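Written out below as structure tokens is the structure these notes cover.
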Amino acid sequence: MKKLDKYIIKTFFGPFLFIFSVLFFIFIVNIIWTQMSQLTGKGLTYWEISKFLFYLGINVVSMVLPLTILLSSIMTFGDFGERYELAAMKAAGISLVRVMLPLFVTVSFLAGILFLFSNNVIPDFQRKAKNMMFNIISSKPAINFTPGVFIDQISGYSVKFDKISGVNGEKLEGVFLHKNASPYDDQQTIIATTGKFAQAVDKNYLKLILYKGYVFTDNITNKPYEERKKQPNQSIKFDSLVNHFDISELINNAIEKEKITDDYRFQTYTEVNETLVKNRKGNVATMNSIASPIISQTNNYVEYIDKTKTKDKIKEPYKIDTLKKDKKLEVLWNAYNKIDALKASVDSSQNAINDTVKLHNKIVMYQQRIVSYSFTCIIFFLIGASLGSIIRKGGMGLPVVISIIIFIIFYVLNLTVENLSWKGDMDPYLAAWIPNMVLFPFSLWLTYKALTDSQLFDIEKYKALFKPIIDKFAKPKEHQRYQ
């Protein structure tokens with residue numbers, strides 16, 4: 001039996017490694033497609049870009065591994081059925097449960113590895129990816145200018161360009177440079193019609209050539225206040241001007257330097273528990289701070305209306321437009337305005353509450369998915385092994401179609417409950433486990449069908465089931481030789 005177990009596991013890992021590589025590559029390509037526009041033109045080396053994409057791509061393992069197990073299981077048992085190996089095993093007295101046992105143990109081991117990977121490796125790589133992205137954006141300002149926006153990452157200067165063009169973004173229009181000097185230093189502002197970036201001899205400097213502009217300088221160094229009041233600003237007109245900015249500090253700043261460390265996605269399961277405890281205490285304080293003023297204002301408004309309401313009986317209802325004109329009801333009009341203001345305050349507070357609930361539910365779902373995705377691997381194995389033994393079809397045809405359909409159902413369920421949880425319409429602990437709760441009974445039902453040799457995908461069986469209905473509406477056909 002040990003040889004058979006080795007053979008089953010070996011047969012499983014053949015398609016497993018291939019499928020995992022293909023799916024991982026597909027998910028990585030999707031990440032490259034969405035992130036590459038933010039990385040190109042930043043002065044990064046291919047090694048730095050590859051490292052960033054690798055850090056970011058590690059996160060997809062939690063989705064790739066369950067799908068790989070599902071597809072590999074269907075293909076493995078489909079191949080066994082197609083080559084009549086499964087029938088030979090059953091003829092030898094080996095039950096399907098015994099055939100599935102070595103792979104069940106293997107998949108459980110992979111599920112345990114996924115838990116450790118999601119709990120320890122993925123948070124660490126997510127932290128590296130987040131910090132690399134932050135440092136890439138903040139430490140490469142020479143190539144990261146945005147038209148119409150002031151950039152102050154260059155030490156000592158605030159810079160703005162109205163328009164940036166050219167193949168590499170080197171042509172500039174509407175240049176504004178301001179030296180961020182102290183109150184006791186010379187103030188300087190440079191305005192130019194056009195300009196361009198040029199390559200400096202020293203890579204630690206950013207070379208900027210300006211055309212047709214003015215340099216405005218306020219010479220205040222070592223001069224008394226009265227003398228500075230009498231001296232007007234100096235302006236110098238130029239046709240071309242070359243400026244070099246020292247960006248060595250930014251360039252030499254390691255892009256992997258970790259500045260962001262307090263995100264819940266960087267934490268293990270146990271650390272997230274501690275974060276949730278702190279978050280709940282903070283949420284209670286936040287809710288109290290939001291609710292107390294509203295309750296107090298509401299009570300004051302109700303008391304105000306009770307004291308000022310008229311005792312006269314209203315024969316016919318007043319229109320709101322006429323309340324202000326009626327002096328007797330002017331007080332009620334003021335109360336109405338206050339209530340309207342209170343309503344706006346409540347709406348604003350509701351948005352703050354929604355944001356608080358969304359953040360809390362995100363943290364909970366992130367923590368629970370560290371565990372739930374490991375159970376997804378086992379559920380997908382039961383589904384895949386059962387379907388493979390039923391359809392008895394290997395290769396990349398029907399198994400791939402079925403796997404994709406099942407995975408889409410799982411993914412849609414995941415997104416649906418996630419959105420409901422973020423809105424506060426569903427408990428986050430329940431939302432994280434609902435996809436598994438839906439698919440687990442389905443996996444048990446399929447396993448039962450496989451153990452009882454059910455002809456679940458036998459087309460002839462369904463034709464026979466609907467044959468009386470088809471014959472009732474179909475016209476009788478003559479024998480071919482009489483036609």
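The values are calculated or read from the model by the stated rules, or taken from the named source; none is laboratory data. Quick caveat: nothing in here was measured; it's all calculated off a predicted structure. Counting neighbours? That spans all protein chains shown, and the Cβs are built from the backbone with ideal geometry, glycine included. Accessible surface areas use protein heavy atoms only, side chains included; no ligands, DNA or RNA. Shrake-Rupley method; radii C 1.70, N 1.55, O 1.52, S 1.80 Å.
Taking first residues from the range 448-459 that are under 15 Å from ALA385 (Cβ atoms) and polar (S, T, N, Q) and partners that are at pLDDT 70 or above and open to solvent by 80 Å² or more (accessible area, probe 1.4 Å), the Cβ contacts under 9 Å between residues at least 6 apart in sequence or on separate chains come to SER454/TYR448.
In the set LEU116, LEU65, which member is closer than 30 Å to ILE31 by Cα and buried (at least 23 other Cβ atoms within 10 Å of the Cβ)?
Criteria check complete, one pass: LEU65.
Looking at SER372, is it in contact with a Leu (Cβ under 8 Å, 6 or more places away or on another chain), in a helix (DSSP H, G or I) and polar (S, T, N, Q)? The answer is no for SER372.
Within the range 53-67, the presence of at least one residue that is among the hydroxyl-bearing types (Ser, Thr, Tyr) and within 28 Å of the chain's Cα centre (by Cα) is confirmed.
Can you confirm whether the range 176-190 contains a residue that is in contact with a Phe, Trp or Tyr (Cβ under 7 Å, 6 or more places away or on another chain), at pLDDT 85 or above and open to solvent by 20 Å² or more (accessible area, probe 1.4 Å)? So far as the range 176-190 goes, yes, one or more of its residues are in contact with a Phe, Trp or Tyr (Cβ under 7 Å, 6 or more places away or on another chain), at pLDDT 85 or above and open to solvent by 20 Å² or more (accessible area, probe 1.4 Å).
Is there any pair with a first residue in the range 409-422 that is free of Cβ contacts under 8 Å to residues at least 60 places away in the same chain and a second that is crowded, with 17+ Cβ neighbours inside 10 Å and not in a helix (DSSP H, G or I) whose Cβ atoms are under 7 Å apart and which are 6 or more apart or on different chains, and what are they? Once the first residue is free of Cβ contacts under 8 Å to residues at least 60 places away in the same chain and sits in the range 409-422, its partners that are crowded, with 17+ Cβ neighbours inside 10 Å and not in a helix (DSSP H, G or I) give VAL417/MET426; LEU420/MET426. Here the range 253-273 is the region considered, the condition is being farther than 23 Å from PHE54 by Cβ and open to solvent by 30 Å² or more (accessible area, probe 1.4 Å), and the residue that is modelled with the lowest pLDDT is ASP262.
Annotation note: Cβ proximity below 7 Å between a residue of the range 140-166 that is among the hydroxyl-bearing types (Ser, Thr, Tyr) and a residue that is in a strand (DSSP E or B) and modelled with pLDDT of 70 or more (sequence gap 6+ or interchain) occurs for SER155/ASP246; TYR157/LEU177; TYR157/HIS178; TYR157/LYS179; TYR157/PHE245; SER158/HIS178; SER165/LYS171.
For the range 191-203: of the residues being open to solvent by 50 Å² or more (accessible area, probe 1.4 Å) and not hydroxyl-bearing (Ser, Thr, Tyr), which is modelled with the lowest pLDDT? Per the criteria, the residue is LYS203. Any residue in the range 76-94 that is free of Cβ contacts under 8 Å to residues at least 40 places away in the same chain, among the aliphatic types (A, V, I, L, M) and surrounded by 14 or more Cβ atoms within 10 Å (Cβ to Cβ)? No, there is no match, as no residue in the range 76-94 is free of Cβ contacts under 8 Å to residues at least 40 places away in the same chain, among the aliphatic types (A, V, I, L, M) and surrounded by 14 or more Cβ atoms within 10 Å (Cβ to Cβ).
Do we have PHE104 as open to solvent by 20 Å² or more (accessible area, probe 1.4 Å), modelled with pLDDT of 90 or more and assigned to a helix (DSSP H, G or I) here? In short, yes.
Scanning the range 423-440 for residues that are open to solvent by less than 70 Å² (accessible area, probe 1.4 Å), on the phi < 0 side of the Ramachandran plot and not β-branched (Val, Ile, Thr) turns up MET426, PRO428, ALA431, ALA432, TRP433, PRO435, ASN436, LEU439.
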